[in-house]
Structure formats: C-alpha cells, structure tokens
Amino acid sequence: MLDQPVGHTFDAMTSLAPSQRIHLVLLGVQNVPRSAQFYEALGWTRSPTGNDGFVKFNMGGYAICLINREDFASDALSPTATGSGFAGVALIHLARNAEDVSRILARAAEAGGAIVKPATRTHWGVAGYFKDPDGHLFEVDYETVWAFDAQHHLRVDEVNIV
C-alpha cells in the first residue's frame with residue numbers, strides 16, 4: 001500500500017476491529033506555537049519528537065497532539081474548519097485529591113485558559129471545567145471511586161468502594 005502515490009484511496013477486502021485503545025488525541029488549533037505555550041504553562045512537557053507544526057505531549061501511554069486547525073480539517077475532508085456550539089466532547093483530568101481541582105483550574109487560568117465552571121461540589125466529588133485558548137473543553141475531576149495504579153494510571157475496570 002505504501003508504494004501507491006499520496007492521495008490514492010483503498011477499498012478494504014474484509015473488515016477488522018481496531019484494538020480497544022486510543023493512542024493520540026488530536027486537537028485542531030488556530031496557532032500551534034501559542035497553544036503549545038499554553039500547555040507548557042500548565043506544566044506539561046513537550047515531546048522532543050514533535051515539530052513546529054505537530055506538537056506532542058506524552059500523557060503516559062497516549063499523546064495529546066496539536067495541529068493547525070485548517071490543516072486538520074483539510075486532512076479530514078471537512079468542508080469547514082470552524083464550528084459553533086457545544087461539541088459534546090471534553091478531555092478529563094482526574095485529580096489526585098479534591099483540593100487539587102481548584103488548584104489545577106487556577107493554573108489553567110494563569111496559563112491563559114478560561115474557567116468555564118469553578119471547582120464545584122458534585123454528587124460524586126469535586127469538578128470544574130476550563131477551555132484552552134482554542135476552546136477545547138477540559139474537566140478537572142476528583143471522585144473517590146476512581147482506582148489508580150502506583151503511577152496514577154486509571155484502572156478502568158476497577159472502582160473503589162466507598
């Protein structure tokens with residue numbers, strides 16, 4: 001397949017289920033260097049394997065990647081690179097304790113993000129939301145039911161009994 005020219009499309013002969021994992025979260029942004037600066041101001045470390053047009057942040061087994069929104073839309077064959085309204089998608093950071101929720105939201109604001117919902121007591125714990133400079137929604141959440149390993153990786157198939 002790799003011997004075909006760029007733009008060649010392929011038909012599958014049989015179907016194949018993808019493995020049950022996500023490797024990359026791709027965020028289309030207006031200005032890649034500005035957005036990278038925001039995430040670095042959050043305290044994240046940029047991967048040395050990215051470049052000026054494709055910035056990667058290692059998230060412990062997957063990556064959040066930044067790409068120019070126009071280029072992303074073009075690659076996805078979208079008729080437009082803009083949208084409006086609630087996208088129905090958020091990236092969620094599970095904090096180590098309830099107090100960290102407001103502290104992480106404060107860091108997001110200091111870095112240039114917009115607080116959408118301050119740290120608020122919920123039925124399950126404490127949560128709040130911020131948007132990055134391109135409007136991507138993040139929730140910062142703490143709930144005692146989430147189970148983690150020693151490296152703070154989520155144990156999806158386990159819960160803490162409270």
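Just a few scattered comments:
- Residues Thr122 and His152, FRET efficiency given R0 of 22 Å [Cβ-Cβ distance, rounded to 0.05]: 0.60
- Top of Arg34, Arg96, Arg21 by mean-square fluctuation, Gaussian network on the chain, Cα under 10 Å: Arg21
- When shorter helices are ignored and each DSSP H run of at least 4 residues is given -39500 (n - 2.57), the per-residue value for the chain at 222 nm works out to -5500 deg cm²/dmol.
- Potential lengthening between Val145 and Leu2 on full extension [0.36 nm per residue; Cα-Cα distance subtracted]: 46.9 nm
- Solvent exposure of region 1-47 as accessible area per residue, Å², 1.4 Å probe: 84
- Crossing angle, helix 32-41 versus the chain [Cα axis fit, 0-90 degrees, rounded to tens]: 20
- Solvent exposure of region 68-157 as accessible area per residue, Å², 1.4 Å probe: 65
- Intensity falloff of region 20-99 expressed as log10 I(q)/I(0), Debye formula with alpha-carbon point scatterers, at q = 0.13, 0.14, 0.19, 0.22 Å⁻¹: -0.47, -0.55, -0.96, -1.19
- For the chain, built as a Gaussian network whose Cα springs stay under 10 Å, the top-fluctuating residue of Gln20, Gln37, Gln151: Gln20
- In degrees, nearest ten, helix 98-110 long axis to first principal axis of the chain (Cα): 50
- Cα gyration tensor, region 1-56 - rounded (a/c under 1.5), prolate or oblate: prolate
- Working ranking of peptides 11-18, 55-62, 87-94 by packing, defined as the average number of other Cβ atoms within 10 Å per residue, highest first, is 55-62, 87-94, 11-18.
- Gyration tensor analysis over the Cα atoms of the chain returns equivalent ellipsoid semi-axes of 31, 22, 16 Å (largest first, whole Å).
- Most mobile listed residue (Gly50, Gly85, Gly28) in the chain, GNM with C-alpha springs under 10 Å: Gly85
- Taking the accessible area of the chain, probe 1.4 Å, and keeping the other protein chains in place, the carbon and sulfur fraction comes to 54%.
The values are calculated or read from the model by the stated rules, or taken from the named source; none is laboratory data. For clarity, every value in this text was computed on a predicted model and none was experimentally measured. No Cβ is skipped: glycine too gets one built from the backbone with ideal geometry, and neighbour counts run over all protein chains shown. Areas reflect the complete protein model, heavy atoms only, side chains present, ligands, DNA and RNA absent. Shrake-Rupley method; radii C 1.70, N 1.55, O 1.52, S 1.80 Å.
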